[in-house]
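**Q** I'd like to ask some things about the structure below.
Taken together, the values in this text are just the output of simple stated rules run on the coordinates, not laboratory data. Bear in mind that the values here come from a model prediction, so they are computed numbers and not experimental data. Positions of Cβ are generated from backbone atoms using ideal geometry, with glycine treated the same way; all protein chains shown enter the neighbour counts.
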């Protein structure tokens, strides 16, 4: 017996203490890693830019109009993803993150599949996302799910914009 828990993906999880702290921890890890990869490492969430710190501090407010997907192994949050509310027939996927200790188990694929299902249920025509060019594993995952590189809607250097029609 390996002791691995089955991973379950929950849409807009209840605001339980474990879900809240788990989502906060996952978002903090995501943003801290991203800032470090951009060469702007900070010691903790207090050092993040205001916009990202707000997501970590109160994700339920930051993503109030969006669907938050949380991957749970037992009571532990091990992955997250946000699907923005539809606008002009489009939604955006943001903040895909899997706890490094749980990578290689299909969690990111499960979250992405659920995100596409959620968008389709909401009548979305196109799902888009942006990813840093150095995250080659994430880009490969998105390509496996049918996303293609498209013209950038974001002026940040080294950001790859992708989309998929549903």
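**Q** Please arrange 102, 147 by counting, for each residue, the other beta carbons lying within 10 Å of its beta carbon, fewest first.
**A** Fewest-to-most Cβ neighbours within 10 Å comes out as 102, 147.
**Q** Report the residue, chosen from 71, 14, 119, that carries the largest GNM mean-square fluctuation when the chain is represented by alpha-carbon nodes joined by springs under 10 Å.
**A** In this elastic network of the chain, the residue with the biggest mean-square fluctuation among 71, 14, 119 is 14.
**Q** Helix-derived [θ] at 222 nm for the chain: sum -39500 (n - 2.57) over DSSP H runs of at least 4, divide by residue count, nearest 500?
**A** Here the helix-only value at 222 nm equals -10500 deg cm²/dmol.
**Q** Which of these, 120, 73, 101, has the largest mean-square fluctuation under a Gaussian network model of the chain (Cα springs below 10 Å)?
**A** Taking springs between Cα atoms under 10 Å, the residue moving most is 101.
**Q** Also, I was wondering about something else. Kindly identify segment 12-79 as rounded, prolate or oblate by the Cα gyration tensor criterion: order the square roots of the eigenvalues as a ≥ b ≥ c, call it rounded if a/c is under 1.5, otherwise compare a/b with b/c, prolate if a/b is larger, else oblate.
**A** prolate
**Q** Here's a follow-up. Sequence gap at least 6, Cα distance under 8 Å: using those rules, report the relative contact order of the chain to the nearest whole percent.
**A** That works out to 19 percent.
**Q** I would also like to ask the following. In whole Å, how far is the Cα centre of segment 101-161 from that of segment 13-88?
**A** Using only Cα atoms to place each centre, the spacing works out to 16 Å.
**Q** Here is a further query. Let's test this: bin the Cα-Cα distances of the chain at 10 Å from zero up to the farthest pair and state each bin's percent.
**A** 10, 39, 40, 11, 1
**Q** Moving to a separate point now. Please work out how much length the chain gains when fully extended from residue 121 to residue 58, using 0.36 nm per residue of separation minus the C-alpha to C-alpha distance, in nm with one decimal.
**A** Using 0.36 nm per residue and subtracting the Cα-Cα distance, I get 20.0 nm.
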